[in-house]
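Each remark here refers to the structure printed beneath this line.
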């Protein structure tokens, strides 16, 4: 998490599950965004080999689940998430406006699974996404 911005930080939690963060502050400053869920729009067959579930939403609707489905483990710690040639990267959605119209708005809520800073509004997701693992009272955000 102290690495360069735009890189992945992969760690083991509960001795069994991996979680992946996108580092977002300058090197040496520990700040990252936990990737809690992704919509399985591409590569569903690959994901189902790793996570044979009935409902598509259950493939990746939690940080441990998405790491299992996408075969993310410590081998990808430090990966450049901004490089399309990287084995794992975050891509721009060319249809982002349509996607946000269908699944928006962006809402802000408190984080889950923590014992410290539980009241801070640091969880963001699309209100219309079926891939959100747990919903709490949320506030609409007008930020894109």
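Some values worked out for this structure:
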{"read-out": "Residue within region 48-63 that is in contact with a strand residue (DSSP E or B) (Cβ under 6 Å, 6 or more places away or on another chain) and more than 28 Å from residue 14 (Cβ to Cβ) present", "value": "no"}
{"read-out": "Complete set of residues in region 17-37 that are outside any strand (DSSP E or B) and touching a residue at least 24 places away in the same chain (Cβ under 8 Å)", "value": "27, 28, 29, 30, 31, 35, 36, 37"}
{"read-out": "Tally of residues being part of a helix (DSSP H, G or I) and more than 14 Å from the chain's Cα centre (by Cα) across region 59-77", "value": "3"}
{"read-out": "Single match in 66, 12, 34 (criterion: touching a strand residue (DSSP E or B) at 6+ places or on another chain (Cβ under 9 Å) and closer than 16 Å to residue 91 by Cβ)", "value": "66"}
{"read-out": "Single condition residue 104 does not satisfy, out of (1) more than 19 Å from residue 1 (Cβ to Cβ); (2) modelled with pLDDT of 90 or more", "value": "(2)"}
{"read-out": "Candidates 94, 133, 137, filtered to the one that is more than 18 Å from residue 22 (Cα to Cα), out of contact with any strand residue (DSSP E or B) (no Cβ under 6 Å at 6 or more places or on another chain) and at pLDDT 85 or above", "value": "94"}
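The values are calculated or read from the model by the stated rules, or taken from the named source; none is laboratory data. It should be emphasised that the depicted structure is a prediction, and the values quoted were computed from it without experimental measurement. Ideal geometry is used to build each Cβ from the backbone, glycine not excepted, and the neighbour counts take in all protein chains shown.
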